[in-house]
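What follows is a set of notes on a single structure, which appears directly below.
The values are calculated or read from the model by the stated rules, or taken from the named source; none is laboratory data. All values derive from a computational prediction rather than experimental measurement. Counting neighbours? That spans all protein chains shown, and the Cβs are built from the backbone with ideal geometry, glycine included.
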Amino acid sequence: MAATTARPSVVPKKDLESFQEHLNKSTRILALLGAGLSASSGLPTFRGAGGLWRTHDATSLATPEAFGRDPGLVWQFYSYRRHMALGVKPNPAHYALAELARKKNFLTLSQNVDGLSPRARHPADKLKLLHGSLFDVKCSDFFCDYLEKNNYTDPIVPTLAIPTDESDPTTNSALAARELDISDENVAIPELDYDHLPKCPKCKRGLLRPGVVWFNERLPSDVLEDVDTWMDEDDIDLIMVIGTSAKVYPAAGYVDIARRKGARVAVINMDKGDAPASGLYSRDWFFEGDAAQIVPELLKSVIGETNTEELSDAAQ
Ligand code: BV8
């Protein structure tokens, strides 16, 4: 699947200067992150070319009903995404945002479940994962509260293995994995039944499920409360809307809430057409191009020239 990075992204000097002037004097900053932030790391977005949803409609894989109907299919999809995310690295934009969070009163709302912002050592108290994480697993039994965070086991169970070589091409997992290229909708995904799937170690009844927020599921109440508390504290000077088509709610709604709290809006997006639903005002900015290149440039006036390797070491 294609990552959407490619051509060098140039920030117009006048816009850069006006943005950095505002950033430098901003005391309360928000960001809403989407899949485009991780595109340069090599992860596919949802709606772009080769995107995850292009070949499988979101509601066919990311809903409680889909999991109830075919937990094996849904687990193969998420196991594949866990595997992909573990195979890539945070990019300069992930590190730059983490560094800004160490320098300013800056809250980051991420729709991304790929684990790249936490791996860039983004300060955990300044990062709200609105839609959970591929690396949290929880029990799917309504009466069980089992939750395991930061489970990076890949594969999470042997039958979900994605083989690195053709050692035994006949095994079920090899067959399943090889065919598991979900970018090819014509490929049947083999059945994996209950016995193959990860079970809850606590209640022993339920299947474990990915700790992400599916469509028609409520966002984590503790996360929503933290976000509301921060937003209610005072006015907001700036919201950066980075690499998101801003089509999923209630996440996308935070742009308008921030605007109502006085925020100027800076959109960083590869596609000029992907501005927030409420549009952009003359006091706002649109920086067209790759977030991995643009974000470090924009934040330079606060985080300095340091390269991401230094940033990531400093954050250890
Ligand atoms: C809920 C986790 C209620 C799983 C995800 C109001 C209006 C309309 C609909 C609704 C509404 N309120 C609720 C809904 C329903 C629904 C919804 O919003 N539907 C949409 C489709 C219309 N929302 C929900 O169901 C939410 N729950 O409301 O519950 C409730 C209340 C009480 C009790 C019970 C229930 C839950 C939504 C969460 C869904 N889970 N993820 C998983 O990942 O598998 S959503 C998932 O898709 C992501 O997390 C993300 O949010 C979204 C994808 O969006 P993006 O990240 O923006 O990615 P996309 O590909 O779209 O865009 C990428 C962008 O990057 C593009 O603009 C591209 O140009 C740009 N780009 C590409 N490369 C680069 C780049 N930019 C910069 N640099 C680059 N290199």
For the range 12-38 the number of residues that are in contact with a Phe, Trp or Tyr (Cβ under 7 Å, 6 or more places away or on another chain) and of a type in the set (Val, Ile, Thr) is 1
Quick count over the range 31-43, residues being crowded, with 24+ Cβ neighbours inside 10 Å and either aromatic (Phe, Trp, Tyr) or more than 6 Å from the ligand (Cβ to nearest atom) (or both), is 5
With the first residue restricted to the range 117-138 and required to be closer than 13 Å to Gly211 by Cβ, and the second required to be away from the ligand (no atom under 13 Å from the Cβ) and assigned to a loop (DSSP other than H, G, I, E, B), Cβ contacts under 6 Å at 6 or more apart or on different chains are Phe135/Asn150; Phe135/Asn151; Phe135/Tyr152; Asp136/Lys149; Val137/Asn151
Would a scan of the range 7-23 turn up a residue that is surrounded by 14 or more Cβ atoms within 10 Å (Cβ to Cβ), of a type in the set (Ser, Thr, Tyr) and at pLDDT below 95? yes
In the set Thr27, Thr55, the lone residue that is hydroxyl-bearing (Ser, Thr, Tyr) and at pLDDT below 95 is Thr55
Picked from the range 246-271 (must be charged (D, E, K, R) and within 6 Å of the ligand (Cβ to nearest atom)), the residue farthest from the chain's Cα centre (by Cα) is Asp271
(message) Is it the case, given these coordinates, that Thr63 is at pLDDT below 90 and outside the structural domain of Ala266 (by TED's automatic domain parsing)?
(response) no
Scanning the range 249-274 residue by residue, the ones that are modelled with pLDDT under 95 and either more than 22 Å from Leu299 (Cβ to Cβ) or in contact with a Cys (Cβ under 9 Å, 6 or more places away or on another chain) (or both) total 1
Selection over the range 203-219 where residues are within 6 Å of the ligand (Cβ to nearest atom) and at pLDDT below 95 yields a count of 2
So, first residue touching a residue at least 24 places away in the same chain (Cβ under 8 Å) and assigned to a loop (DSSP other than H, G, I, E, B) in the range 271-299, second residue of a type outside the set (Lys, Arg) and surrounded by fewer than 15 Cβ atoms within 10 Å (Cβ to Cβ), Cβ within less than 9 Å, six or more apart or across chains; the pairs are Gly289/Pro8; Gly289/Val10; Asp290/Ala6; Asp290/Pro8
Exactly one of Ser245, Ser278 is hydroxyl-bearing (Ser, Thr, Tyr) and surrounded by 19 or more Cβ atoms within 10 Å (Cβ to Cβ), and that one is Ser245
Over the range 105-121, the set of residues of a type outside the set (Gly, Ala, Ser) and closer than 17 Å to Val241 by Cβ is Phe106, Leu107, Thr108, Leu109, Gln111, Asn112
